[in-house]
Ligand code: ADP
Ligand code: ASP
Ligand code: MG
C-alpha cells in the first residue's frame, strides 16, 4: 500500500465528463489499496477569466482582493470532484486551503507555502476518506486568502505530498509527460522517461509550464518523487528524479520558451556607480522581479539599461520607474511586450563548450535577431521578437539533435 497525491490540472477537470474520468482514476488507485489525496486546479480557462475581470476593473488592483477572486476557481472543482468521487462510491470531501490550513506568507498573487498542517488529513485518509484539496490557494498571516502564482496547484500538490510523506506525487495533465520541448508547438518533441530535478527546475524556470518552478524546487528539496502523466491516456509518464538516477546524460535536455516576458529599456542614464542600484532598487521596492538584463554604454557617457519583467509586473514596473524619475535621471523609457525568451537547457553544458555558439548560429541562419542574452551553468537564453517563437524553437530542437 502506498500513499499517493494525484493532482489534476485545468484540462483534466475542464468539464463534467473530465471530472468524472478523473474520479474514476482516483477510484482505481483507492481500489488498488492506496491512500489517496487529490489536488485540483480550476477548470481550464476559469482562472484566466477571473484574472481578466480583476484587470478590467484596475491594472493596479489590490492583490489581496485578486486572491479572493482567483482562488474561487479551485473551490468549484474541489467540490465537484468530491461529488464525482462520492458518485463513484468513494468516500471523499473537499478542503479549501484555509480549512486545512495551508499556511503561506502574505505575498499575495505569488505567495509561498510555509507549512501545511496535515494531521487531520492523515487521520481521515487512514479512515478511508479521500481529501480533495483546492490547489493554488492558502491562507496568509492575516487570515486572508492567498494564491501561489499561475500554475500554483502543482506546488500545492508537491507541498501536500511532502507534508503527507507520500510515496509519489502524480501530476495529471493534457500531455503524456515532460518532452524535449512543448509538444504543442514542435511535433518532433520527444517524451522523456526521466528528467533530473535540476534540469526540470531550469526548464520550468525558463517557461516550460508543464510544472510550476516552485513545485520542482520543493520536490528537489523534500525529495518528493514526481511523475507527470496524461489524464487522457494510460501511457507511462515522466519521472522527475535525482541526477544519480539518470543513466544517459544528454548535452541538451530541452528547449523552452516564455511569452511571459516584456522588455523595458531605460534610455540615456548617466554611466556612473549607483545608477543600476537606483533603477533596480525602485523595481524591487515595487515587488517587480527582473529577469534578463543588458547594459550598453554610449560614447557620450550615458548608458541604456535594458531588462525584462513578467507581463503581469509590466504596468507596475513602468509606473515605479516613472515615479522615481526625480532621483533617476533618464531620457525616456521604451517598452516592448512582443518578445519571447527562448532557452536551451542541459547539464551537459557544464563540461561542453559550443552550446551557445550553436544557438546563435542556428538563429542567425534563420535571420532571427537576438535582443538580449543571459546564461547560467546549464542554460543559455535569448530574447527574440515574439513572431519568431515557433520557428526558433523548432530550429533549435533540430540543431541539438533532439528531434524524435
Ligand atoms: P495543467 O492545466 O494540467 O496544469 P498546463 O497547461 O499548466 O497544464 O501544462 C501543460 C502544458 O505544458 C502542455 O499542454 C504543454 O503545452 C506545455 N509544455 C510546455 N513545455 C512542455 C514540455 N517540455 N513538456 C511537456 N509539456 C510542455
Ligand atoms: N488555476 C490556476 C492557474 O490557472 C492554478 C493552476 O492551474 O495550477 O494558474
Ligand atoms: Mg499547470
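Just so it is clear, none of the values below were taken in a lab; they were calculated from the coordinates. None of these values were measured; they are calculated from a predicted model. So basically every Cβ, Gly included, is an ideal-geometry build from the backbone, and we count neighbours across all protein chains shown.
Assorted remarks:
- When both bridge partners sit in segment 146-259, DSSP labels roughly 35% of those beta bridges antiparallel.
- Bridge type composition, the chain - antiparallel percent by DSSP, nearest 5: 65 percent
- For residue 168 and residue 387, the FRET efficiency from 1/(1 + (r/R0)^6), where r spans their Cβ atoms and R0 equals 45 Å, is about 0.65.
- Folded to 0 to 90 degrees: helix 355-365 orientation relative to the chain principal axis, Cα: 70 degrees
- With contributions of -39500 (n - 2.57) from each DSSP H run of at least four residues, the per-residue ellipticity at 222 nm computed over the chain stands at -10000 deg cm²/dmol.
- Net lengthening on full extension, residue 188/residue 331 (0.36 nm per residue, minus Cα-Cα): 46.9 nm
- Rg followed by Dmax, in Å, when segment 138-257 is reduced to its Cα trace: 14.5, 48
- Take 333-345, 1-13 and order them by the average number of nearby Cβ atoms within 10 Å per residue, most first; the result is 1-13, 333-345.
- Direction-averaged projected area, Cα convex hull, segment 92-179: 6.3 nm², rounded to one decimal.
- Global form of the chain, assessed from the alpha-carbon gyration tensor, a/c cut-off 1.5: oblate
- Each peptide in 65-77, 288-300 receives the mean, over its residues, of other Cβ atoms within 10 Å, and ordering these scores from highest gives 65-77, 288-300.
- For the listed peptides 85-96, 118-129, a ranking on the average number of other beta carbons within 10 Å per residue, highest first, reads 85-96, 118-129.
- Taking label positions 7 Å along the Cα-Cβ direction at both residue 287 and residue 323, the computed distance is 1.2 nm, reported to one decimal.
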